[in-house]
1. Mind checking the log10 I(q)/I(0) for segment 277-317 at q = 0.28, 0.29 Å⁻¹? Debye, one equal scatterer per Cα, no solvent, two decimals.
2. Could you tell me which of rounded, prolate or oblate describes segment 301-417, using a ≥ b ≥ c as the square roots of the eigenvalues of the alpha-carbon gyration tensor, with rounded for a/c under 1.5 and, failing that, prolate when a/b is larger than b/c and oblate otherwise?
3. Please calculate how many Å² of accessible area the chain carries per residue, with a 1.4 Å probe and no DNA, RNA or ligand atoms counted.
4. What ranking do 57-68, 335-346 get when scored by the average of other Cβ atoms within 10 Å per residue, highest first?
5. For labels at LYS184 and SER433 in the simple 7 Å Cα→Cβ model, what's the distance in nm?
6. Highest mean first, how do 411-418, 301-308 rank when packing is the count of other Cβ atoms within 10 Å averaged over residues?
7. Given 0.36 nm per residue, what is the gain on full extension from SER306 to ASN469 after removing their alpha carbon distance, in nm?
8. Provide the three semi-axes, in whole Å and in decreasing order, of the ellipsoid equivalent to the chain as defined by the square roots of 5 times the Cα gyration tensor eigenvalues.
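The values are calculated or read from the model by the stated rules, or taken from the named source; none is laboratory data. It should be emphasised that the depicted structure is a prediction, and the values quoted were computed from it without experimental measurement. Positions of Cβ are backbone-derived with ideal geometry, glycine not excepted, and every protein chain shown enters the neighbour counts. We work out accessible area using only protein heavy atoms, side chains counted, and drop any ligands, DNA or RNA first. Shrake-Rupley method; radii C 1.70, N 1.55, O 1.52, S 1.80 Å.
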Amino acid sequence: KDLLGATTILAVALLVAGWRISYLYGKEEAIRELEAKAAFESFSTYAGAPPGDGPRRFAVGLNACLDLIVPAIEVFDVVGADGSDIVARDHETIGTLEELQEVFKYFFQKGGAGERTVRDADVFRSIVSAARGVEEQKIFVGGNAALMGLTIKDKELYLSKDRKGKSKQTVDVLMGGGVGPKLKTMLESRMTFSKDAILNEDDYHVILEYPMGATWGGVTSPRANRFIISHDLTNAKMRTLEAFEDSAAQFKPDVIVLSGLHMMEGEDPAFRSSRIEDFVKMLNTFPTTTPIHLELASMANEKYVSEIVQKVFPYVDSIGLNEQELELISRASNGPHHTMVDDDSIADTAKVGETLNWVLKTFAGPENNSRLSRIHFHSLTFHVIAHLEHIWSNSKKAVVAGSWACSTRACANETLAYDDVTLRLPQKFGISSQYPNLELDLLEAHQQSAVGWTRGDINFFLSPVYVCNTPRKTVGLGDTISANGLFYSKFGPVGV
(Lines give C-alpha, C1' and ligand atoms only; values in the text may rest on other atoms or scores of the structure.)
Protein backbone atom coordinates (compact mmCIF):
# COMPACT_ATOMS: atom_id res chain seq x y z
CA LYS A 1 0.00 0.00 0.00
CA ASP A 2 2.82 2.43 0.92
CA LEU A 3 4.63 1.50 -2.28
CA LEU A 4 1.50 2.14 -4.33
CA GLY A 5 1.00 5.51 -2.65
CA ALA A 6 4.62 6.51 -3.20
CA THR A 7 4.39 5.47 -6.82
CA THR A 8 1.24 7.52 -7.29
CA ILE A 9 2.82 10.58 -5.67
CA LEU A 10 5.94 10.19 -7.85
CA ALA A 11 3.81 9.86 -11.01
CA VAL A 12 1.85 12.99 -10.13
CA ALA A 13 5.05 14.85 -9.36
CA LEU A 14 6.60 13.84 -12.66
CA LEU A 15 3.42 14.82 -14.50
CA VAL A 16 3.40 18.24 -12.84
CA ALA A 17 7.13 18.69 -13.49
CA GLY A 18 6.70 17.65 -17.11
CA TRP A 19 3.77 20.02 -17.51
CA ARG A 20 5.79 22.83 -15.91
CA ILE A 21 8.80 22.19 -18.17
CA SER A 22 6.52 22.03 -21.19
CA TYR A 23 4.79 25.23 -20.07
CA LEU A 24 8.05 27.09 -19.47
CA TYR A 25 9.53 25.83 -22.76
CA GLY A 26 6.38 26.87 -24.62
CA LYS A 27 6.47 30.24 -22.90
CA GLU A 28 10.10 30.78 -23.93
CA GLU A 29 9.26 29.80 -27.49
CA ALA A 30 6.34 32.23 -27.52
CA ILE A 31 8.57 35.04 -26.21
CA ARG A 32 11.20 34.31 -28.84
CA GLU A 33 8.52 34.31 -31.53
CA LEU A 34 7.24 37.71 -30.35
CA GLU A 35 10.80 39.07 -30.30
CA ALA A 36 11.41 37.74 -33.80
CA LYS A 37 8.21 39.32 -35.14
CA ALA A 38 9.06 42.64 -33.52
CA ALA A 39 12.56 42.50 -35.00
CA PHE A 40 11.08 41.75 -38.43
CA GLU A 41 8.86 44.83 -38.24
CA SER A 42 11.78 46.96 -37.07
CA PHE A 43 13.98 45.59 -39.89
CA SER A 44 11.41 46.35 -42.60
CA THR A 45 10.81 49.86 -41.23
CA TYR A 46 14.52 50.64 -41.08
CA ALA A 47 15.10 49.25 -44.59
CA GLY A 48 12.23 51.25 -46.07
CA ALA A 49 13.05 54.63 -44.55
CA PRO A 50 13.82 57.48 -47.01
CA PRO A 51 17.50 57.53 -47.97
CA GLY A 52 18.19 61.19 -47.18
CA ASP A 53 21.03 62.91 -48.98
CA GLY A 54 23.03 60.86 -51.42
CA PRO A 55 23.90 60.30 -55.08
CA ARG A 56 21.15 61.03 -57.61
CA ARG A 57 22.88 60.74 -61.00
CA PHE A 58 24.08 57.29 -62.07
CA ALA A 59 25.84 56.28 -65.28
CA VAL A 60 25.29 52.53 -65.75
CA GLY A 61 26.91 50.19 -68.31
CA LEU A 62 27.72 48.03 -70.19
CA ASN A 63 25.53 44.94 -70.64
CA ALA A 64 21.82 44.97 -71.47
CA CYS A 65 19.54 42.42 -73.12
CA LEU A 66 16.15 40.74 -72.95
CA ASP A 67 15.76 37.77 -70.62
CA LEU A 68 13.67 34.82 -71.82
CA ILE A 69 12.77 33.14 -68.50
CA VAL A 70 11.63 29.52 -68.63
CA PRO A 71 11.42 26.41 -66.39
CA ALA A 72 14.73 24.58 -66.87
CA ILE A 73 13.44 21.03 -66.52
CA GLU A 74 10.68 21.59 -69.10
CA VAL A 75 13.19 22.93 -71.62
CA PHE A 76 15.44 19.89 -71.16
CA ASP A 77 12.39 17.66 -71.59
CA VAL A 78 11.64 19.34 -74.94
CA VAL A 79 15.16 18.65 -76.25
CA GLY A 80 15.15 15.11 -74.81
CA ALA A 81 17.92 15.71 -72.28
CA ASP A 82 17.20 14.02 -68.95
CA GLY A 83 20.76 14.31 -67.58
CA SER A 84 20.78 10.71 -66.32
CA ASP A 85 24.12 9.74 -67.88
CA ILE A 86 25.69 13.17 -67.46
CA VAL A 87 28.67 13.81 -65.18
CA ALA A 88 28.51 17.25 -63.56
CA ARG A 89 31.47 19.41 -64.56
CA ASP A 90 32.12 23.08 -65.21
CA HIS A 91 33.02 24.58 -68.58
CA GLU A 92 34.20 28.09 -69.39
CA THR A 93 31.97 28.10 -72.46
CA ILE A 94 29.40 25.71 -73.96
CA GLY A 95 29.76 24.14 -77.39
CA THR A 96 27.37 21.17 -77.34
CA LEU A 97 24.11 20.09 -75.72
CA GLU A 98 26.08 17.59 -73.65
CA GLU A 99 28.34 20.35 -72.30
CA LEU A 100 25.25 22.40 -71.45
CA GLN A 101 23.88 19.49 -69.42
CA GLU A 102 27.22 18.99 -67.66
CA VAL A 103 27.63 22.59 -66.55
CA PHE A 104 23.93 22.97 -65.70
CA LYS A 105 24.15 19.88 -63.49
CA TYR A 106 27.31 21.27 -61.88
CA PHE A 107 25.41 24.33 -60.62
CA PHE A 108 22.04 22.61 -60.18
CA GLN A 109 23.32 20.06 -57.67
CA LYS A 110 24.61 22.94 -55.49
CA GLY A 111 21.67 25.25 -56.10
CA GLY A 112 24.20 27.80 -57.33
CA ALA A 113 23.64 30.68 -59.72
CA GLY A 114 25.60 30.19 -62.95
CA GLU A 115 26.06 31.85 -66.30
CA ARG A 116 27.94 30.72 -69.39
CA THR A 117 28.31 31.74 -73.04
CA VAL A 118 27.24 29.29 -75.75
CA ARG A 119 29.92 29.53 -78.41
CA ASP A 120 27.99 27.50 -81.00
CA ALA A 121 25.16 29.55 -82.53
CA ASP A 122 23.21 26.46 -83.66
CA VAL A 123 23.20 24.97 -80.16
CA PHE A 124 21.98 28.27 -78.72
CA ARG A 125 19.23 28.56 -81.36
CA SER A 126 18.04 25.03 -80.53
CA ILE A 127 17.71 25.95 -76.84
CA VAL A 128 15.89 29.19 -77.69
CA SER A 129 13.51 27.20 -79.93
CA ALA A 130 12.86 24.73 -77.11
CA ALA A 131 12.32 27.57 -74.64
CA ARG A 132 9.80 29.14 -76.99
CA GLY A 133 7.96 25.82 -77.01
CA VAL A 134 7.20 25.63 -73.29
CA GLU A 135 3.94 27.03 -71.99
CA GLU A 136 5.38 29.02 -69.09
CA GLN A 137 7.70 31.70 -70.47
CA LYS A 138 8.30 35.34 -69.60
CA ILE A 139 10.31 38.14 -71.17
CA PHE A 140 11.85 40.80 -68.94
CA VAL A 141 14.58 43.41 -69.05
CA GLY A 142 17.92 41.65 -68.62
CA GLY A 143 21.64 42.31 -68.29
CA ASN A 144 23.35 43.42 -65.07
CA ALA A 145 23.63 47.05 -66.14
CA ALA A 146 20.02 47.41 -67.25
CA LEU A 147 18.71 45.70 -64.11
CA MET A 148 20.83 47.88 -61.83
CA GLY A 149 19.73 50.97 -63.73
CA LEU A 150 16.06 50.10 -63.26
CA THR A 151 16.58 49.35 -59.57
CA ILE A 152 18.28 52.69 -59.03
CA LYS A 153 15.60 54.60 -60.93
CA ASP A 154 12.89 52.93 -58.83
CA LYS A 155 14.47 54.39 -55.67
CA GLU A 156 13.00 57.72 -56.76
CA LEU A 157 9.73 56.44 -55.29
CA TYR A 158 11.31 56.42 -51.82
CA LEU A 159 12.48 60.04 -51.84
CA SER A 160 10.60 62.66 -49.87
CA LYS A 161 7.37 63.83 -51.48
CA ASP A 162 5.65 67.20 -51.84
CA ARG A 163 2.02 67.78 -50.86
CA LYS A 164 0.82 66.33 -54.15
CA GLY A 165 2.74 63.12 -53.54
CA LYS A 166 5.39 63.86 -56.17
CA SER A 167 9.07 63.25 -55.41
CA LYS A 168 10.92 66.44 -54.58
CA GLN A 169 14.03 65.01 -56.24
CA THR A 170 14.62 62.94 -59.33
CA VAL A 171 17.00 60.06 -59.93
CA ASP A 172 18.63 60.26 -63.34
CA VAL A 173 20.11 57.19 -65.02
CA LEU A 174 22.26 57.01 -68.16
CA MET A 175 22.10 53.53 -69.71
CA GLY A 176 25.28 52.58 -71.55
CA GLY A 177 24.41 49.10 -72.85
CA GLY A 178 23.27 48.04 -76.29
CA VAL A 179 19.49 48.50 -76.60
CA GLY A 180 17.39 46.74 -79.26
CA PRO A 181 13.88 47.78 -80.41
CA LYS A 182 11.84 45.88 -77.79
CA LEU A 183 14.22 46.68 -74.95
CA LYS A 184 14.13 50.35 -75.96
CA THR A 185 10.36 50.49 -75.52
CA MET A 186 10.73 48.96 -72.04
CA LEU A 187 13.38 51.43 -70.88
CA GLU A 188 13.01 54.73 -72.71
CA SER A 189 10.56 56.29 -70.23
CA ARG A 190 12.89 55.50 -67.32
CA MET A 191 16.37 56.48 -68.49
CA THR A 192 18.44 58.05 -71.24
CA PHE A 193 20.72 56.06 -73.56
CA SER A 194 24.32 56.45 -74.64
CA LYS A 195 24.75 57.72 -78.16
CA ASP A 196 25.17 54.95 -80.73
CA ALA A 197 23.78 52.41 -78.22
CA ILE A 198 20.59 51.64 -80.20
CA LEU A 199 20.73 48.24 -81.95
CA ASN A 200 18.75 46.90 -84.89
CA GLU A 201 17.96 43.65 -83.07
CA ASP A 202 17.50 42.65 -79.44
CA ASP A 203 19.96 40.28 -77.79
CA TYR A 204 18.27 37.49 -75.83
CA HIS A 205 19.60 35.53 -72.86
CA VAL A 206 17.84 32.32 -71.78
CA ILE A 207 17.21 32.05 -68.03
CA LEU A 208 16.74 28.41 -66.99
CA GLU A 209 14.97 28.58 -63.62
CA TYR A 210 14.28 25.80 -61.13
CA PRO A 211 12.66 25.61 -57.66
CA MET A 212 14.11 24.17 -54.49
CA GLY A 213 13.60 20.40 -54.46
CA ALA A 214 13.54 20.06 -58.25
CA THR A 215 14.96 16.75 -59.49
CA TRP A 216 16.89 16.28 -62.73
CA GLY A 217 19.61 13.87 -63.79
CA GLY A 218 19.35 11.94 -60.55
CA VAL A 219 20.12 14.93 -58.30
CA THR A 220 17.91 17.30 -56.32
CA SER A 221 18.49 21.04 -56.07
CA PRO A 222 18.94 22.27 -52.47
CA ARG A 223 17.56 25.73 -53.31
CA ALA A 224 15.78 27.69 -56.02
CA ASN A 225 18.06 29.35 -58.56
CA ARG A 226 18.78 29.87 -62.25
CA PHE A 227 21.34 29.14 -64.95
CA ILE A 228 21.84 31.70 -67.74
CA ILE A 229 23.05 31.03 -71.29
CA SER A 230 23.68 33.47 -74.12
CA HIS A 231 25.20 33.90 -77.55
CA ASP A 232 25.50 37.68 -77.44
CA LEU A 233 28.21 39.35 -79.51
CA THR A 234 27.27 42.94 -78.59
CA ASN A 235 28.03 42.37 -74.93
CA ALA A 236 30.78 39.77 -75.48
CA LYS A 237 32.74 42.27 -77.60
CA MET A 238 31.86 45.28 -75.35
CA ARG A 239 30.78 47.15 -78.47
CA THR A 240 29.15 49.97 -76.50
CA LEU A 241 32.27 50.84 -74.46
CA GLU A 242 33.43 53.90 -76.40
CA ALA A 243 29.90 55.30 -76.77
CA PHE A 244 29.39 54.98 -73.02
CA GLU A 245 32.66 56.79 -72.29
CA ASP A 246 31.66 59.82 -74.37
CA SER A 247 28.09 59.98 -73.04
CA ALA A 248 29.09 59.50 -69.40
CA ALA A 249 31.59 62.37 -69.61
CA GLN A 250 28.79 64.69 -70.74
CA PHE A 251 26.28 63.27 -68.23
CA LYS A 252 28.53 64.05 -65.23
CA PRO A 253 27.29 61.28 -62.91
CA ASP A 254 27.58 61.13 -59.12
CA VAL A 255 28.32 57.39 -59.36
CA ILE A 256 29.44 55.13 -62.21
CA VAL A 257 28.20 51.53 -62.14
CA LEU A 258 29.79 49.00 -64.51
CA SER A 259 29.30 45.33 -65.31
CA GLY A 260 29.61 42.85 -68.17
CA LEU A 261 33.28 41.85 -68.05
CA HIS A 262 32.16 38.24 -67.53
CA MET A 263 30.56 38.29 -70.98
CA MET A 264 34.05 38.32 -72.56
CA GLU A 265 35.12 35.07 -70.90
CA GLY A 266 34.52 33.02 -74.06
CA GLU A 267 36.50 35.37 -76.31
CA ASP A 268 40.09 34.94 -77.49
CA PRO A 269 42.53 35.82 -74.65
CA ALA A 270 44.36 38.39 -76.78
CA PHE A 271 41.07 40.12 -77.62
CA ARG A 272 40.04 40.08 -73.96
CA SER A 273 43.31 41.66 -72.88
CA SER A 274 42.99 44.36 -75.51
CA ARG A 275 39.46 45.24 -74.41
CA ILE A 276 40.48 45.17 -70.75
CA GLU A 277 43.11 47.79 -71.61
CA ASP A 278 40.44 49.88 -73.35
CA PHE A 279 38.19 49.46 -70.32
CA VAL A 280 40.90 50.68 -67.95
CA LYS A 281 41.69 53.64 -70.20
CA MET A 282 38.04 54.62 -69.96
CA LEU A 283 38.11 54.35 -66.15
CA ASN A 284 41.05 56.72 -66.04
CA THR A 285 39.11 59.42 -67.89
CA PHE A 286 36.70 59.90 -64.97
CA PRO A 287 37.58 62.10 -61.99
CA THR A 288 38.71 60.21 -58.87
CA THR A 289 36.03 62.08 -56.90
CA THR A 290 33.38 60.08 -58.77
CA PRO A 291 33.17 56.57 -57.29
CA ILE A 292 33.19 53.64 -59.73
CA HIS A 293 31.51 50.34 -58.84
CA LEU A 294 32.21 47.09 -60.73
CA GLU A 295 29.64 44.30 -60.47
CA LEU A 296 31.09 40.83 -61.07
CA ALA A 297 29.18 37.78 -62.31
CA SER A 298 29.62 34.05 -62.84
CA MET A 299 32.94 33.02 -64.43
CA ALA A 300 35.15 29.93 -64.53
CA ASN A 301 38.47 30.99 -66.10
CA GLU A 302 40.95 31.66 -63.29
CA LYS A 303 43.47 33.35 -65.60
CA TYR A 304 40.85 35.79 -66.83
CA VAL A 305 39.67 36.49 -63.28
CA SER A 306 43.27 37.10 -62.22
CA GLU A 307 43.64 39.55 -65.10
CA ILE A 308 40.56 41.46 -63.93
CA VAL A 309 41.87 41.53 -60.35
CA GLN A 310 45.33 42.74 -61.39
CA LYS A 311 44.37 45.20 -64.12
CA VAL A 312 40.88 46.48 -63.26
CA PHE A 313 40.54 46.41 -59.46
CA PRO A 314 43.14 49.20 -58.95
CA TYR A 315 40.96 51.60 -60.97
CA VAL A 316 37.56 51.03 -59.35
CA ASP A 317 36.42 52.06 -55.87
CA SER A 318 33.93 49.28 -55.19
CA ILE A 319 33.06 45.75 -56.29
CA GLY A 320 29.98 43.57 -55.84
CA LEU A 321 30.06 39.76 -55.81
CA ASN A 322 28.68 36.54 -54.35
CA GLU A 323 30.37 33.53 -52.71
CA GLN A 324 31.17 31.79 -56.01
CA GLU A 325 32.93 34.85 -57.39
CA LEU A 326 34.76 35.42 -54.10
CA GLU A 327 35.95 31.79 -54.12
CA LEU A 328 37.19 32.20 -57.70
CA ILE A 329 39.13 35.36 -56.86
CA SER A 330 40.72 33.57 -53.92
CA ARG A 331 41.70 30.54 -56.04
CA ALA A 332 43.02 32.68 -58.88
CA SER A 333 45.09 34.86 -56.54
CA ASN A 334 46.32 32.29 -53.99
CA GLY A 335 44.04 33.56 -51.26
CA PRO A 336 42.42 31.73 -48.31
CA HIS A 337 39.30 29.56 -48.28
CA HIS A 338 38.84 28.33 -51.83
CA THR A 339 35.57 26.76 -50.67
CA MET A 340 33.24 28.88 -48.54
CA VAL A 341 29.99 26.90 -48.52
CA ASP A 342 28.82 23.91 -46.49
CA ASP A 343 27.08 20.76 -47.69
CA ASP A 344 23.81 22.69 -47.97
CA SER A 345 25.45 25.35 -50.19
CA ILE A 346 25.25 27.96 -47.39
CA ALA A 347 28.17 30.40 -47.18
CA ASP A 348 30.25 30.36 -43.99
CA THR A 349 30.32 33.78 -42.31
CA ALA A 350 33.80 33.34 -40.83
CA LYS A 351 35.41 32.23 -44.11
CA VAL A 352 33.70 35.02 -46.03
CA GLY A 353 34.79 37.64 -43.50
CA GLU A 354 38.40 36.48 -43.60
CA THR A 355 38.49 36.37 -47.39
CA LEU A 356 36.96 39.86 -47.74
CA ASN A 357 39.59 41.09 -45.31
CA TRP A 358 42.30 39.41 -47.41
CA VAL A 359 41.02 40.97 -50.67
CA LEU A 360 41.05 44.47 -49.21
CA LYS A 361 44.44 44.00 -47.54
CA THR A 362 45.94 42.61 -50.76
CA PHE A 363 44.33 44.67 -53.53
CA ALA A 364 42.92 47.84 -51.95
CA GLY A 365 44.19 51.19 -50.75
CA PRO A 366 47.09 53.52 -51.52
CA GLU A 367 49.66 51.05 -50.18
CA ASN A 368 48.65 48.74 -53.04
CA ASN A 369 48.49 51.60 -55.57
CA SER A 370 44.75 51.01 -55.80
CA ARG A 371 41.51 52.97 -55.64
CA LEU A 372 39.61 49.90 -54.44
CA SER A 373 38.19 50.47 -50.97
CA ARG A 374 34.81 48.71 -50.72
CA ILE A 375 33.24 45.28 -51.31
CA HIS A 376 29.52 44.44 -51.21
CA PHE A 377 29.21 40.69 -50.71
CA HIS A 378 25.88 38.88 -51.06
CA SER A 379 24.80 35.30 -50.40
CA LEU A 380 21.54 33.49 -49.69
CA THR A 381 21.52 33.96 -45.91
CA PHE A 382 23.60 37.09 -45.24
CA HIS A 383 25.22 40.12 -46.85
CA VAL A 384 28.36 42.03 -45.87
CA ILE A 385 29.69 45.44 -46.82
CA ALA A 386 33.39 45.75 -45.98
CA HIS A 387 35.35 48.92 -46.64
CA LEU A 388 38.43 50.86 -45.62
CA GLU A 389 37.86 53.39 -42.86
CA HIS A 390 37.24 57.07 -43.62
CA ILE A 391 36.27 56.54 -47.27
CA TRP A 392 32.69 55.19 -47.27
CA SER A 393 29.83 55.83 -44.86
CA ASN A 394 26.17 54.97 -44.20
CA SER A 395 27.12 51.34 -44.74
CA LYS A 396 24.81 49.84 -42.12
CA LYS A 397 21.83 51.37 -43.88
CA ALA A 398 23.20 50.30 -47.27
CA VAL A 399 23.67 46.63 -46.36
CA VAL A 400 20.20 46.42 -44.78
CA ALA A 401 18.61 48.09 -47.82
CA GLY A 402 20.28 45.55 -50.11
CA SER A 403 19.18 42.64 -47.94
CA TRP A 404 15.54 43.76 -47.79
CA ALA A 405 15.46 44.49 -51.54
CA CYS A 406 16.68 40.96 -52.19
CA SER A 407 13.84 39.51 -50.12
CA THR A 408 11.13 41.62 -51.74
CA ARG A 409 12.40 40.88 -55.27
CA ALA A 410 12.71 37.14 -54.66
CA CYS A 411 9.14 37.03 -53.31
CA ALA A 412 7.93 39.56 -55.94
CA ASN A 413 6.19 41.40 -53.12
CA GLU A 414 7.05 44.86 -51.75
CA THR A 415 4.97 44.32 -48.58
CA LEU A 416 6.35 41.13 -47.09
CA ALA A 417 4.68 39.42 -44.14
CA TYR A 418 6.59 37.63 -41.38
CA ASP A 419 5.37 34.22 -42.58
CA ASP A 420 6.62 34.86 -46.15
CA VAL A 421 10.28 34.56 -45.16
CA THR A 422 12.74 32.70 -42.93
CA LEU A 423 16.06 33.56 -41.33
CA ARG A 424 18.56 30.80 -42.06
CA LEU A 425 21.68 31.97 -40.23
CA PRO A 426 22.62 29.90 -37.15
CA GLN A 427 21.88 31.42 -33.72
CA LYS A 428 25.61 32.00 -33.21
CA PHE A 429 27.89 32.64 -36.19
CA GLY A 430 31.62 33.24 -36.39
CA ILE A 431 33.53 36.07 -38.01
CA SER A 432 36.95 34.40 -38.03
CA SER A 433 38.14 30.83 -38.54
CA GLN A 434 41.42 31.76 -36.85
CA TYR A 435 39.59 32.92 -33.73
CA PRO A 436 36.53 30.64 -33.37
CA ASN A 437 35.47 32.29 -30.09
CA LEU A 438 34.72 35.51 -31.98
CA GLU A 439 31.00 35.05 -32.57
CA LEU A 440 27.99 37.24 -33.22
CA ASP A 441 24.44 36.57 -32.11
CA LEU A 442 21.66 36.23 -34.68
CA LEU A 443 19.08 37.80 -32.36
CA GLU A 444 21.30 40.85 -31.91
CA ALA A 445 21.87 41.11 -35.67
CA HIS A 446 18.14 40.62 -36.19
CA GLN A 447 17.11 43.28 -33.66
CA GLN A 448 19.67 45.83 -34.85
CA SER A 449 19.09 45.02 -38.56
CA ALA A 450 22.87 44.76 -39.00
CA VAL A 451 25.95 44.21 -36.83
CA GLY A 452 29.39 45.65 -37.34
CA TRP A 453 32.98 44.94 -36.38
CA THR A 454 36.43 46.23 -37.26
CA ARG A 455 39.67 44.47 -38.22
CA GLY A 456 42.55 46.93 -38.37
CA ASP A 457 41.46 49.71 -40.71
CA ILE A 458 38.60 47.73 -42.29
CA ASN A 459 34.96 48.11 -41.20
CA PHE A 460 32.49 45.25 -41.66
CA PHE A 461 28.68 45.44 -41.63
CA LEU A 462 26.66 42.22 -41.79
CA SER A 463 22.92 41.97 -42.31
CA PRO A 464 20.93 38.71 -42.15
CA VAL A 465 18.67 37.96 -45.11
CA TYR A 466 15.01 37.07 -44.83
CA VAL A 467 15.03 34.19 -47.30
CA CYS A 468 11.85 33.99 -49.37
CA ASN A 469 9.94 30.79 -48.60
CA THR A 470 8.40 30.61 -52.08
CA PRO A 471 10.70 32.45 -54.51
CA ARG A 472 9.07 33.91 -57.60
CA LYS A 473 12.20 35.51 -59.05
CA THR A 474 15.74 34.13 -59.11
CA VAL A 475 17.37 36.40 -61.71
CA GLY A 476 18.73 39.87 -60.98
CA LEU A 477 18.97 39.44 -57.22
CA GLY A 478 22.65 40.35 -57.02
CA ASP A 479 22.11 43.40 -59.23
CA THR A 480 19.21 44.53 -57.03
CA ILE A 481 21.31 44.11 -53.90
CA SER A 482 24.32 46.05 -55.15
CA ALA A 483 22.24 48.82 -56.72
CA ASN A 484 20.36 49.41 -53.46
CA GLY A 485 23.60 49.36 -51.50
CA LEU A 486 25.14 51.99 -53.78
CA PHE A 487 22.08 54.23 -53.61
CA TYR A 488 22.32 54.39 -49.81
CA SER A 489 26.13 54.47 -49.57
CA LYS A 490 28.04 57.71 -49.27
CA PHE A 491 31.51 58.21 -50.68
CA GLY A 492 33.07 60.04 -47.78
CA PRO A 493 33.16 59.87 -43.95
CA VAL A 494 29.76 60.94 -42.62
CA GLY A 495 29.00 58.56 -39.76
CA VAL A 496 28.52 54.85 -40.44
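1. Listed by q, the Debye log ratios stand at -1.06, -1.10.
2. Oblate is the answer for segment 301-417, as a/c is 1.5 or above yet b/c matches or exceeds a/b.
3. In whole numbers, the chain has 43 Å² accessible per residue.
4. The peptides rank, most packed first, as 57-68, 335-346.
5. Taking the simple label geometry, LYS184 and SER433 are separated by 5.1 nm.
6. Working: 411-418: 13.6, 301-308: 17.9.
Those peptides, ordered most packed to least, come out 301-308, 411-418.
7. Full extension from SER306 to ASN469 adds 55.0 nm.
8. So the equivalent ellipsoid measures 40, 29, 23 Å along its semi-axes.
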